[in-house]
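The values are calculated or read from the model by the stated rules, or taken from the named source; none is laboratory data. Keep in mind that this is a model prediction, so the values were computed, not measured. Please note: Cβ atoms are built from the backbone with ideal geometry, for glycine as well, and neighbour counts cover all protein chains shown.
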């Protein structure tokens, strides 16, 4: 497996883009499940007692059926993250290829 890629079983793959930026690809999840997973990750990080106080920022995007360019989904996740930060929330709403949120606020 190439450096920066962690196989997390048959359903997920963690990829280091650069520095402190990572992508977690998770297969066959609904937008609501993706948001739940993001919330779980955020809560798990917040519960770590042995580290200085720090937070993570998460963006969520769905790869649409037939979409072959994962980089477009990564860009949507980045926009989702930026909008979440602007709203002052820690877990964003998943974004579709249309640019519209897939889950209600």
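Out of (1) part of a strand (DSSP E or B); (2) at pLDDT 80 or above, the odd one out for residue 24 is which?
The failed condition is (2).
Taking only the range 64-91 into account, find how many residues are within 13 Å of the chain's Cα centre (by Cα) and closer than 17 Å to residue 36 by Cα.
Number satisfying all stated conditions: 6.
So is residue 63 closer than 19 Å to residue 14 by Cα and either out of contact with any helix residue (DSSP H, G or I) (no Cβ under 8 Å at 6 or more places or on another chain) or at pLDDT below 75 (or both) or not? Reasoning before the result, please.
Values: closer than 19 Å to residue 14 by Cα: yes; either out of contact with any helix residue (DSSP H, G or I) (no Cβ under 8 Å at 6 or more places or on another chain) or at pLDDT below 75 (or both): no.
No, not satisfied.
Read through the list (1) outside any loop (DSSP other than H, G, I, E, B); (2) surrounded by 14 or more Cβ atoms within 10 Å (Cβ to Cβ); (3) at pLDDT 80 or above, then give the number of the only condition that residue 42 fails.
Against the list (1) outside any loop (DSSP other than H, G, I, E, B); (2) surrounded by 14 or more Cβ atoms within 10 Å (Cβ to Cβ); (3) at pLDDT 80 or above, residue 42 comes up short only on (3).
Taking residue 48 and the conditions (1) modelled with pLDDT of 75 or more; (2) within 19 Å of residue 11 (Cβ to Cβ), which numbered condition does it fall short on, given that it satisfies the others?
Of (1) modelled with pLDDT of 75 or more; (2) within 19 Å of residue 11 (Cβ to Cβ), only one is false for residue 48: (2).
Which condition breaks for residue 33 when tested against (1) at pLDDT 75 or above; (2) over 22 Å from residue 83 (Cβ atoms); (3) surrounded by fewer than 14 Cβ atoms within 10 Å (Cβ to Cβ)?
Failing condition for residue 33: (2).
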